[in-house]
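> Would you mind keeping the following structure in view while I ask a few things?
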Amino acid sequence: MKKGHTDTRAAAARRKRARIAAKRDAAYLAWLHTLPCAVCRLHGIEVHHFPYRSKAGWHDRLSLPLCPEHHRGKAGFHTLGRAKWERLHGVDTAARIAALNAEYGA
């Protein structure tokens, strides 16, 4: 913002909505929902964002398709945390996300 100018709440809200909209990709998420779980290959997935959507740096393209058990269950990402979840399931999230983005772009 330029010196001497005042910001309004409405302008700040518009900028925030624009930043969030730039991170959303509905077509990519719809495509992810057609894929099986990245761990067990079952269908009926939930999308897990890396980092979580509530954290800075999230983007819909930084997501994995996970079944409910591998997402929120006892063997899930939210239960175990990233490091333990990756070790237990042998998943390199960064590599898997990069592969999904390459496949989607092809």
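> With the requirement that a residue be under 23 Å from Asp25 (Cα atoms) and surrounded by 14 or more Cβ atoms within 10 Å (Cβ to Cβ), what does segment 79-103 give you? It would help to see each step written out before you state the result.
Taking segment 79-103 first, the residues under 23 Å from Asp25 (Cα atoms) are 92-103.
Answer for segment 79-103, where residues must be under 23 Å from Asp25 (Cα atoms) and surrounded by 14 or more Cβ atoms within 10 Å (Cβ to Cβ): Thr93, Arg96, Ile97, Leu100, Asn101.
> Right, another one. Which is in a loop (DSSP other than H, G, I, E, B), over 18 Å from Ile97 (Cα atoms) and either basic (Lys, Arg) or at pLDDT 90 or above (or both), of Lys55, Lys2? Steps first, answer last, please.
Working: Lys55 fails: over 18 Å from Ile97 (Cα atoms).
Matching residue, one of Lys55, Lys2: Lys2.
> Can you confirm whether segment 70-89 contains a residue that is touching a Gly at 6+ places or on another chain (Cβ under 6 Å), at pLDDT 95 or above and not polar (S, T, N, Q)?
Taking segment 70-89 as the starting set, the residues that turn out to be touching a Gly at 6+ places or on another chain (Cβ under 6 Å) are 70.
Filter once more, keeping what is at pLDDT 95 or above: 70.
Retained after the next criterion (residues that are not polar (S, T, N, Q)): 70.
Yes, that holds for at least one residue.
> Okay, next question. For residues in segment 81-93 being farther than 14 Å from Leu64 by Cβ and assigned to a helix (DSSP H, G or I), which is nearest to the chain's Cα centre (by Cα)? Walk me through how you get there before you give the answer.
As a first pass, look at segment 81-93 and keep what is farther than 14 Å from Leu64 by Cβ: 81, 83-84, 87-88.
Of the ones still in play, those that are also assigned to a helix (DSSP H, G or I) are 83-84, 87-88.
Values: Ala83: 17, Lys84: 19, Arg87: 20, Leu88: 20 Å.
By that ranking, first place goes to Ala83.
The values are calculated or read from the model by the stated rules, or taken from the named source; none is laboratory data. Just so it is clear, the structure is predicted and the values come from calculations on it, not from any experiment. All Cβ positions, glycine included, derive from the backbone under ideal geometry; neighbour counts span all protein chains shown.
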